[in-house]
């Protein structure tokens, strides 16, 4: 069974429009240097787990109040038995939001086909030809492209989002990403926070100022129905 590494009992921002909690699953196949979830990504075994029984007790105690659960990581799609976790959430008539890096399109398609996901958010780390550089991984860009197309076509609530990081992912990258997303409805640009970044030198990087981030958002609004900005 999937081991939950952390539980946020009330997550106001993770599942917009839904009274929700967030569960964090350990492990990730990316090593983005700006990631601030170092323990979840690098050392998930060092974190205490929350048993399924306790998680189900938590859900049952909030029956009639809680509306949904956001499942995030790390990268949830790495979990072999993720379907089991999503199934017990859905059995309680709760909505499921999945956060993913898009590197496992086959698994994503299975979850969508089985009706286990009501909303999905995919992090777009960089333009496709820069994915391996930015994620410090051997990800196949064609897998990222497949996941993008699956999400765009799935008929569920969906968001694509990019964290902007000075000297790594900037305005030109955001413009290229917008063109590559080609007609997606909702795109969110997220501010980078240097605290606890996986790669120590990124802890010294000063984030883009508010005006620069807002200008990035304005520049790509023609590509989407809605563009949001988070963290500024």
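Within the range 80-101, the set of residues being in contact (Cβ under 8 Å) with a residue 40 or more places away in the chain, touching a strand residue (DSSP E or B) at 6+ places or on another chain (Cβ under 6 Å) and surrounded by fewer than 23 Cβ atoms within 10 Å (Cβ to Cβ) comprises 95 only. In the range 154-172, the count of residues that are in contact with a helix residue (DSSP H, G or I) (Cβ under 7 Å, 6 or more places away or on another chain), assigned to a helix (DSSP H, G or I) and modelled with pLDDT of 95 or more is one or more. Among the numbered conditions (1) at pLDDT 90 or above; (2) under 12 Å from residue 7 (Cβ atoms); (3) over 18 Å from the mean Cα position of the chain (by Cα); (4) surrounded by 15 or more Cβ atoms within 10 Å (Cβ to Cβ), the only one that residue 50 does not meet is (1). Contact map, the range 151-176: first residue at positive phi and free of Cβ contacts under 8 Å to residues at least 60 places away in the same chain, second residue part of a strand (DSSP E or B) and buried (at least 17 other Cβ atoms within 10 Å of the Cβ), Cβ cut-off under 8 Å, separation 6 or more or different chains; the map is empty.
Under the condition of being in a helix (DSSP H, G or I) and either modelled with pLDDT of 95 or more or within 21 Å of residue 118 (Cα to Cα) (or both), the residues counted in the range 59-90 number 14.
One residue stands out among those in the range 158-167 that are surrounded by fewer than 20 Cβ atoms within 10 Å (Cβ to Cβ) and more than 14 Å from the chain's Cα centre (by Cα): the one that is nearest to residue 70 (Cα to Cα), which is 166. Within the range 181-195, being crowded, with 19+ Cβ neighbours inside 10 Å and either within 11 Å of residue 226 (Cα to Cα) or touching a helix residue (DSSP H, G or I) at 6+ places or on another chain (Cβ under 6 Å) (or both) holds for 184, 187, 188, 189.
Quick check on the range 206-225: of everything there that is assigned to a helix (DSSP H, G or I) and without any contact (Cβ under 8 Å) to a residue 40 or more places away in the chain, which residue is nearest to residue 37 (Cα to Cα)?
Step one: list which residues in the range 206-225 are assigned to a helix (DSSP H, G or I), which gives 210-223.
Then drop every residue that is not without any contact (Cβ under 8 Å) to a residue 40 or more places away in the chain, which leaves 210-211, 214, 217-218, 221-222.
Values: 210: 23, 211: 27, 214: 25, 217: 25, 218: 29, 221: 30, 222: 32 Å.
Of everything passing the filter in the range 206-225, 210 is nearest to residue 37 (Cα to Cα).
A single entry from 228, 145, 203 fulfils the requirement of being touching a residue at least 12 places away in the same chain (Cβ under 8 Å), more than 19 Å from residue 130 (Cα to Cα) and either surrounded by fewer than 16 Cβ atoms within 10 Å (Cβ to Cβ) or touching a helix residue (DSSP H, G or I) at 6+ places or on another chain (Cβ under 6 Å) (or both): 228. Of all residues in the range 16-38, which are farther than 17 Å from residue 81 by Cβ and assigned to a strand (DSSP E or B)? Listed by number, the residues that qualify are 20, 21, 22. Within the range 102-117, take every residue that is in a helix (DSSP H, G or I) and free of Cβ contacts under 8 Å to residues at least 40 places away in the same chain and give me the one that is surrounded by the most Cβ atoms within 10 Å (Cβ to Cβ). Per the criteria, the residue is 111.
The values are calculated or read from the model by the stated rules, or taken from the named source; none is laboratory data. This one's a predicted model, so the numbers in the text were calculated from it and none came from an experiment. Neighbour counts run over all protein chains shown; Cβ positions are idealised from the backbone, glycine included.
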